[in-house]
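One structure is given here, and the rest of the page talks about it.
Bear in mind these aren't lab numbers, they're just calculated from the coordinates by the rules spelled out. Quick caveat, the model's predicted, so the values are computed rather than measured. FYI the Cβ positions are ideal-geometry reconstructions off the backbone, even for glycines, and counts take in every protein chain you see.
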Amino acid sequence: MAMKMDLSIMLSDLIASKQWTQAEAAAQLSVNPSRISDLVNSKIEKFTIDALFDMLDKLGCQVNWSMQSLHKASKVQPSTDNKI
């Protein structure tokens, strides 16, 4: 959720900096105005990360995303707690 929140804040800030109305932002991003309302009202549960990336792309932003290596990401410490 933290990543979605960061992306939604970035989008909201970009829209505000352009001084667009929600209708103007919706037209620029090819979404319904209700989606912009959800965005500026922090209803991030209604968005996928992919949708947020798409909107940022339409605003000319290049999003880079990095992760730990697969080896590090999949390394799970076994539990020694055998309680049921």
In segment 28-61, how many are within 12 Å of I9 (Cα to Cα) and part of a loop (DSSP other than H, G, I, E, B)?
-> 3
If we keep just the residues of segment 1-25 that are part of a helix (DSSP H, G or I) and hydroxyl-bearing (S, T, Y), which is surrounded by the fewest Cβ atoms within 10 Å (Cβ to Cβ)?
-> S17
